[in-house]
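Below you'll find the structure, written out as structure tokens, and then a few comments.
We did not get these values from a lab; they are worked out from the coordinates using the rules stated. Because the structure is a prediction, the values reported are computed rather than measured. Note that we place each Cβ from the backbone using ideal geometry, even for glycine, and neighbour counts take in every protein chain shown.
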Amino acid sequence: MEAVLAVYERPFDPRFPVVCMDEKPLQLLRDKNEPIAATANHPKRLDHEYERAGTASIFLFTEPKAGWRTTHARARRTKVDWVQEVAHVIDHRYADCEKVVLVCDNLNTHTEGAFYEVFEPAKARKYVEKIEICYTPKHGSWLNIAECELSALERQCLRGERIASLELLNTQMSAWHENINARQRGVDWQFTINDARTKLKSLYPQILY
């Protein structure tokens, strides 16, 4: 926990950006009957019946102090999918950075070794040397700022929507993160190591001597 909080307390440095990532499964749904379009007198009307259209996995990356986030959905959430998403973000936004500090959950798919299962050794090594992974503790996923961003995505973009395909899902999420990025909405994280030692004192081991 303190390792994650120490990362958040680092001053902003574009050479060493702190990036948080998280994943979220989503059930794709398709309307059984065509919705009735909105008119001047009635809102859009939907039938309560729907059918399942498969599942998707949402990958979200956010750089809290830069006020930036990006989203992308895939059909699966394997270690290959995770590596490809991380590599894409590094290659496109952080190509000129010295090292990316990546905060993520401690899942068995989130490992440096996974890069060697996707790329040949020399290329995999370049990615591994480019990132510094900082894992959130078990039962401590609330420390991941990306989880907060996923909650905002759910409320502002996905809740109440029936999305039938990956293409439509990615289109809607792109509109969401582009709109938020344009307004440069950052994250004001205020929970510090000192706060943890005071408010979560019961979680620390008792020293007996």
Item to check | Around Phe119: net Lys/Arg minus Asp/Glu count, Cβ-Cβ under 10 Å | outcome: +1
Checklist entry - Rg and Dmax of the chain, using alpha carbons, in Å: what are they? => result 19.9, 76
Checklist outcome for this item: Rounded to the nearest 500, the 222 nm mean residue ellipticity computed for the chain from DSSP H runs (n ≥ 4, each -39500 (n - 2.57)) alone is -9000 deg cm²/dmol
Checklist outcome for this item: Quick calc: nm separation of the 7 Å Cα→Cβ label points for Arg159 and Glu34 -> 3.1
Checklist entry - Where a ≥ b ≥ c are the square roots of the eigenvalues of the C-alpha gyration tensor, would you call region 106-209 rounded, which needs a/c under 1.5, or, failing that, prolate if a/b is larger than b/c, or oblate? => result oblate
Item to check | Unsatisfied cross-links (Cα-Cα over 20 Å) in the set Lys24/Lys123; Lys65/Lys123; Lys24/Lys201; Lys65/Lys138; Lys24/Lys130; Lys24/Lys79 | outcome: Lys24/Lys123; Lys65/Lys123; Lys24/Lys201; Lys65/Lys138; Lys24/Lys130
Next on the checklist: Once you place label points 7 Å from the Cα toward the Cβ at Ser141 and Phe12, how far apart are they in nm?
Outcome noted: 2.9
Checklist entry - Once Lys and Arg get +1 and Asp and Glu get -1 on their Cβ, which of Gln190, Gln206, Val101 lies farthest toward the positive end of the dipole of region 54-209? => result Gln206
Checklist outcome for this item: At R0 = 41 Å the Cβ-Cβ FRET efficiency linking Glu167 and His48, nearest 0.05, sits at 0.95
Checklist entry - With Rg and the Kirkwood Rh both taken from Cα atoms, where does Rg over Rh land for region 95-158? => result 1.06
Next on the checklist: Which order do the peptides 146-154, 183-191 come out in when sorted by mean C-beta neighbours inside 10 angstrom, highest first?
Outcome noted: 146-154, 183-191
